[in-house]
Amino acid sequence: MPKDPVKELRDRIEGNELDLSMSHLDVVPVKELALLPKATHLDLSCNRLTVLPDAFCNLTHLQRLDLSKNCLTDLPKNFGQLENLRHLDLLGNGLTTLPLSFSQLTKLKWLDLKDNELEEGLRKNAGDCLDEQQCRMCATRVLRYMQDLDAQLEALHQKKLKKQRDAEARKRELEEKEAQKKRQEKKAEKERKRREAEARRSQERLSQGVDTSDDDVTAKKGASKASAGKSEKTAGGSCLLFALLSVCALLVALMVGLDFHCNTHPGDHMCATHWRPARVQALAYWDQARAAGQKFYDTYLEHLLCCGHGHSHDHHDGHGHSHDHGHSHDHDHGHSHDHDHGHSH
């Protein structure tokens, strides 16, 4: 029947001390020791231990630990979890440094680090540990040294972290500036393209306006030419009409002058020979023309005006008045004719 390792260990407990020294141990029975919280003093000296497992640091009930004369080269990083440890013997191992968590062993009052290959700072603070008093001083000094070292390393770590954060912040800032620069360049490029497009549209509108203006100018020129031609024609017609009227007025004035001369000089041979016979003949032609016009009016125009507008009476009155005027004219001419004839005779 196999033996119970926990029972064997329990049988070796005397009071609160478990002595496993010179037991040829290569590995610490951590699992079994965790079941024996009564054993607050553990002696593992004079064995062949080269390493302590991380689980060993869970034996937080330990107050006194003897690891002297083993082959340990380092301690677990979380060795500081053994917070109730008061007495620690590490004599005769191959330790060079202690873990930073060692500074957490604030209850440690006794420490022996003789016969280890400690680094210079740790060795100076550890001292010789030749008696009880020196081992107590070793615990105080080494604990303070490890606390200072931990603080320095923590400061260096924080400084490194700060430097790293600053570098990351600068990197982010540079990236943000670069991104902002790219955004600005993109915005500027967009604005430039917009202005170019607007300029092209303006140029196109201007070109279309110039073409339209050219057409308008051409049309206006054509209209001006047509108007000028029309004006020239109108002016030509007006000039011709003015010349004809001038000639007529001149002839009338000449005739009036001749008639006045002949009336004031009845014995003038020229008047008797040429002007008075011509005047009589002209009056005869006028009477014939007036009679023909009256006949044409009575035959055609009065009928058309009466049927077309229904105002024949008014027109007849108007023409009757004109007719009376004709009679008056005839009477005057007759009177003049008789007068002339009288003078002629």
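Structure notes:
- Inter-residue pairs, beta-carbon under 7 Å, first closer than 15 Å to ARG144 by Cα and in the range 118-131, second outside any helix (DSSP H, G or I), 6+ apart: LEU122/THR97; LEU122/LEU98; ALA126/LEU113; ALA126/LEU118
- Identity of the residue in the range 29-52, among the β-branched types (Val, Ile, Thr) and more than 11 Å from ILE13 (Cβ to Cβ), that ends up least open to solvent (accessible area, probe 1.4 Å): VAL30
- Within the range 93-138, tally of residues that are closer than 22 Å to ASN58 by Cα, crowded, with 19+ Cβ neighbours inside 10 Å and in contact with a strand residue (DSSP E or B) (Cβ under 7 Å, 6 or more places away or on another chain): 2
- Residue check for LEU206: modelled with pLDDT of 80 or more and open to solvent by 70 Å² or more (accessible area, probe 1.4 Å): yes
- Entirely in the range 1-104, the strands (runs of 3 or more DSSP E) that have 2 or more residues that are closer than 25 Å to ALA126 by Cβ: 41-43, 64-66, 87-89
- Within the set ALA151, ALA139, the sole residue that is touching a residue at least 40 places away in the same chain (Cβ under 8 Å), over 50 Å from the mean Cα position of the chain (by Cα) and assigned to a helix (DSSP H, G or I) turns out to be ALA139.
The values are calculated or read from the model by the stated rules, or taken from the named source; none is laboratory data. Keep in mind it's a predicted model, so treat the numbers as computed, not measured. Note that each Cβ is placed from the backbone with ideal geometry, even for glycine, and that neighbours are counted across all protein chains shown. Note: areas computed on protein heavy atoms with side chains; ligands, DNA, RNA excluded. Shrake-Rupley method; radii C 1.70, N 1.55, O 1.52, S 1.80 Å.
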